Amino acid sequence: MDPLVIRVHPSDNVAIVVRPEGLTEGAALPGGLVSREAVPQSHKVALHDIAAGAPILRYGAPIAFTTRAIPRGSWVRGELLTIPPAPDLDELPPATAVPPPQPPLEGFVFDGYRNADGTVGTRNILGFTTTVQCVVPTVEFAAERIRRELLPRYPGVDDVVALGHNYGCGVAIDAPGAAVPIRTVRNLALNPNLGGETLVVSLGCEKLQPDRLFPPGGECSRGGETLVRLQDDRHHGFAEMVAAIMEAAEKKLAVLARRRRVACPASGLVVGLQCGGSDAFSGVTANPAVGHAADLLVRAGATVIFSEVTEVRDASHLLTARCCSEDVARDFIREMRWYDDYLRRGGADRTANTTPGNKRGGLANIVEKAMGSVAKSGTSALMAVTAPGERVKAKGLVFAATPASDFICGTLQLAAGMNMHVFTTGEGTPYGLAMAPVIKIASRTALARRWPDLIDIDAGRIATGEATIESVGRELFDLILEVAGGRRRPCAETLRLHNPLALFNPGPVT
């Protein structure tokens, strides 16, 4: 029989309800506890009498304080709670509990595409990057024709992807905040899955000129990219613009089609981790299983990226302690402080993060959400921190600072160099990306059963005792290698569910 409730830590004074039908009033719970009222699935029930003003403990940490006394067996509703302050950034412990390296995992490989810059692609995609939003409809029109008319001639190429965005003009291009979207667009074009053959499409009059996007002689200069400028005099009308894009694209397709998958060590993987539509199960099933897979990937030499500043902010003290050095801890604190200031300028704070769906799924506030979210990072030492839009160059566990928005986070992780994506969800979302395969993991079995053609792994089996965190984590690790090598396609990729790219632009719009 399924367990009634889950208590994460021995010191917790609440547990979450497992049964899909929830608890009924008078239900007998472990330890002789009797529920005083009906409590929905994934919501919290008080295991002890909790006094007014006392902390609610989950994950062994205070996630909230009560506004009035809550008797044992009662539903611990969000409206009965207040949020504690975020950890003081000036008091965080730097590199005080650095985990020792775990034994390496050797011999794990996947069939990938080796790139000239040393990166490895898990897919072989022709990408079009744009310098301004004005050209996006033209590029999408051309990409659809290329996909229909040209791609069948080049079976070795997986897809054609237009890297459209809403930037490039009508913005304060020299403002400090502009550095974020500019380097994001630049680094998206350098994603390993595009094979160094990205086609650049420009309008001609925009502020984000091609030479500004890819400075000549710079580390990210265009190299193998080709430029098509729509305002060139040689283009007489829309049809000729499209023809020029298609002509340039066919040359790129011919190059990409000659690439072949070869055995590559798992160290070539750059796996981005994200969660969306989280619920109270996320932190006890899906995210810890992803954390176990993350530890396995790190042991195999891969790079694992986790992100979402507001969804780790309340666990900052846990993460700075795990940083491999004080310098890395300072980098982490720098990104937390920058985002605190960014939210403050906008008249908001981290509490704006939680959604109605999060709360419906039993998450009381951002503190509880963050304590569950950080479980995705596993137990390895944090080796590096990157700012939004930067490329990740370190191996091991890396924090890439991003907003928590699913689409902005995914875009920034692609710019960081992600070639595989892992996405956990409790409430459910059909999220997907065009540039990298997305593996979706459900925190609850009910969701996996309701959406069998959208969910790749059911982590809800952990809550019912049918599986363990370790077994589901190993299942995910094996699936990542299969998907990376092209032997499996996850649901979102099979269905071609591709959310548009979403840039993070903290700079002014003019």
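Bear in mind that the values in this text are calculations on the coordinates, not laboratory data. Remember, it's a predicted structure, so these values are computed and weren't measured experimentally. A quick note on method: Cβ atoms are made from the backbone with ideal geometry, for glycine too, and the neighbour counts reach across all protein chains shown.
Mean sequence separation of contacting Cα pairs (under 8 Å, at least six apart), scaled by the length of segment 261-307, corresponds to a relative contact order of 64 percent. Applying the Karplus relation 6.51 cos²θ - 1.76 cosθ + 1.60 with θ = phi - 60° to segment 77-87 yields 3J(HN,Hα) values of 7, x, 6, 9, 10, 10, 8, x, x, 5, x Hz, where x marks Gly and Pro.
3J(HN,Hα) along segment 209-214: 5, x, 6, 7, 5, 10 Hz, from the Karplus curve 6.51 cos²θ - 1.76 cosθ + 1.60 with θ = phi - 60°, whole Hz, x for Gly and Pro.
The HN-Hα couplings worked out from phi for segment 385-402 by the Karplus form 6.51 cos²θ - 1.76 cosθ + 1.60 (θ = phi - 60°) are 9, 10, 7, x, x, 7, 7, 8, 10, 7, 9, x, 7, 10, 9, 9, 5, 8 Hz, whole numbers, x standing for Gly and Pro. For segment 425-488, the list of GluC sites (Glu not before Pro) that fall in a loop by DSSP and count at most 15 other C-beta atoms within 10 angstrom reads E466. Radius of gyration over Kirkwood radius for the chain, both on Cα atoms: the Rg/Rh ratio is 1.00. With contacts taken as Cα pairs under 8 Å and at least 6 residues apart, segment 271-494 reaches a relative contact order of 31 percent. Compared with the alpha-carbon gap, the fully stretched path from F238 to W451 is longer by 72.5 nm at 0.36 nm per residue. According to the calculation over all Cα-Cα pairs in segment 292-351, the P(r) per 10 Å bin from zero is 20, 44, 28, 8, 1 %. Here's how it looks for I50: its modeled amide H is under 5 Å from those of I70, R72, which are all 5 or more places away or on a different chain. Counting Lys and Arg as +1 and Asp and Glu as -1 over every other residue whose Cβ lies under 15 Å from the Cβ of D453, the net charge comes to +3.
If you plug the beta carbon distance of D49 and A263 into 1/(1 + (r/R0)^6) with R0 = 56 Å, you get a FRET efficiency near 0.40.
By the gyration tensor of its Cα atoms, with a ≥ b ≥ c the square roots of the eigenvalues, what is the shape of segment 200-305: rounded for a/c under 1.5, prolate for a/b over b/c, or oblate? Cα axes put segment 200-305 in the prolate bin. Averaging 1/r over each pair of different alpha-carbon atoms in segment 1-85 and inverting the result gives 12.6 Å, the Kirkwood hydrodynamic radius. Assuming charge only on the beta carbon of Lys and Arg (+1) and of Asp and Glu (-1), the dipole of segment 271-494 about its Cα centre is about 120 debye to the nearest 20. Treating r as the C-beta distance of A69 and D90 and R0 as 30 Å, the FRET efficiency rounds to 0.30. Loop-located GluC sites (Glu not before Pro) in segment 62-124 (DSSP state not H, G, I, E or B) with no more than 11 neighbouring Cβ atoms inside 10 Å: E106.
With each label modelled as a point 7 angstrom along the Cα→C-beta vector, the K251-T379 pair spans 5.4 nm. Database remark: amide H of L382 closer than 5 angstrom to the amide H of C323, C324 (H placed geometrically; neighbours at sequence offset of 5 or more, or on other chains; Pro and chain starts carry no H). For segment 1-89, applying the loop criterion from DSSP together with a ceiling of 12 other beta carbons within 10 Å to the trypsin sites (Lys or Arg not before Pro) yields R68.
Taking the mean number of other Cβ atoms within 10 Å as a proxy for protection, how do you rank 192-204, 363-375, 242-254 from highest to lowest?
Going by the mean number of other Cβ atoms within 10 Å, highest first, we get 363-375, 192-204, 242-254.
Assuming charge only on the beta carbon of Lys and Arg (+1) and of Asp and Glu (-1), the dipole of the chain about its Cα centre is about 540 debye to the nearest 20. The calculated 222 nm mean residue ellipticity attributable to helices in the chain amounts to -8000 deg cm²/dmol, summing -39500 (n - 2.57) over DSSP H runs of n ≥ 4 and dividing by all residues. Close amide H pairs (under 5 Å, H built 1.01 Å from N) link R229 with S202, residues at least 5 positions away or on another chain.
Name the shape class, rounded, prolate or oblate, that the alpha-carbon gyration tensor gives for segment 142-247, where a ≥ b ≥ c are the square roots of its eigenvalues, rounded holds for a/c under 1.5, and otherwise prolate holds if a/b is larger than b/c and oblate otherwise.
Details: a/c = 2.04, a/b = 1.36, b/c = 1.50.
Note, shape of segment 142-247 comes out oblate.
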